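**Student:** There's a structure below that I have some questions on.
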Amino acid sequence: MDNCGNQYDTQDTKNSGIAGIEMTSDEAKYACKREKKTNDNIMTTDVGTEVEIEKFGLDGDDGDDLLYGVEDIPPWYMCILLGFQHYLEMIGATVACPFILTPALCMEEDDPNKANIISTLVFMSGIITILQSTIGTRLPIVQGGSFSYLIPSLAIMNLPQWRCPPPEIMAGLNYEEKTELWQVRMREIQGAIIFAALFETIFALTGFIGFLCRFITPLTVAPAICMIGLSLFKNVTEQISKNAPVAIS
């Protein structure tokens, strides 16, 4: 039976051992659980020496320094703060994807459908995040738009058959024709992403990704991210040039 709850439920605060610092009942319970876990990880060998069992494959106690685990529920005020932090972290990248992609779709700057694309992406990011945090891998992240898909999408839109008409032709199109102009390009990109996702599913089910990981080490992550950023340099600078103070802030 867990004695941590009985030990600290009747206490409002408990001294943490450091002068001038006190912790709440929830924090005290967590400290008790950590102390109990540490004691459980100690066993006595034949010669009477104490050896620490590394249950999680981590060296020392460095891997057990998390304030909250996957199964832990932080206090409500901490949930609000962490949720707002995640929102600030993800909203910039989520909104940036449509702003970079829509010019390649031949969508004008004042087209109201740009707001529909942004709102759709934010809405779907919320749905996917809920699914990922409940029945998925349950990582503490927000599933937003990926810049990895922007590079092939822009490459497709640079093909001769998908390049935007000259400005004089665009000026002579009505609203319905302009809408069909960017929607047919959006369907082309959606089809390419769906087809690419089939290969990802096959690779995951067959274990081919695990085989590739023997040769593709984590050191390739940083160069890959750098190449994605450098590939988007031209598109990003075009957006920044429209309002440099806002972009810098």
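**Student:** Semi-axes of the equivalent ellipsoid of segment 117-173: what are they in whole Å, largest first, if each equals the square root of 5 times a C-alpha gyration tensor eigenvalue?
**Tutor:** Numbers: eigenvalues 253, 41, 9 Å².
Each semi-axis is the square root of five times an eigenvalue, giving 36, 14, 7 Å.
**Student:** Strictly greater than 18 Å: what percent of every Cα pair in segment 161-203 meets that? Can you show the working numbers first?
**Tutor:** Numbers: 398 of 903 pairs.
Of all Cα-Cα distances in segment 161-203, 44 percent exceed 18 Å.
**Student:** Across all directions of projection, what mean area in square nanometres is found for the Cα convex hull of segment 93-249? Kindly include the intermediate steps, with their values, before the conclusion.
**Tutor:** Working: hull surface 47.1 nm².
Spelled out: convex hull of the Cα atoms, projected over all directions, averaged, 11.8 nm².
**Student:** In square angstrom, rounded to the nearest 10, how much accessible surface does Tyr77 have for a 1.4 Å probe?
**Tutor:** Rounded to the nearest 10, the figure is 110 Å².
**Student:** Right, next: Across 5 Å bins from 0, what is the distribution of all Cα-Cα pair distances for segment 58-180, in whole percents?
**Tutor:** Over segment 58-180, the share of Cα pairs per 5 Å bin runs 2, 8, 14, 16, 15, 12, 9, 8, 6, 5, 3, 2, 1, 0 percent.
**Student:** Nothing charged except the Cβ atoms of Lys and Arg (+1) and of Asp and Glu (-1): what's the magnitude of the dipole of segment 155-249 about its Cα centre? Round to the nearest 20 debye. Let's see the in-between values first.
**Tutor:** Values: 7 positive and 7 negative charges, 65 e Å.
It works out to roughly 320 debye.
**Student:** Ordering Arg138, Arg187, Arg214 by accessible area with a probe of 1.4 Å, largest first, what comes out?
**Tutor:** Result, largest first: Arg214, Arg187, Arg138.
The values are calculated or read from the model by the stated rules, or taken from the named source; none is laboratory data. As the structure is a prediction and not an experimental result, all values here were calculated from the model. Quick reminder, even Gly has a Cβ in these numbers, built from the backbone with ideal geometry, and neighbours come from all protein chains shown. Protein only, heavy atoms only, side chains kept; ligands, DNA and RNA dropped before computing areas. Shrake-Rupley method; radii C 1.70, N 1.55, O 1.52, S 1.80 Å.
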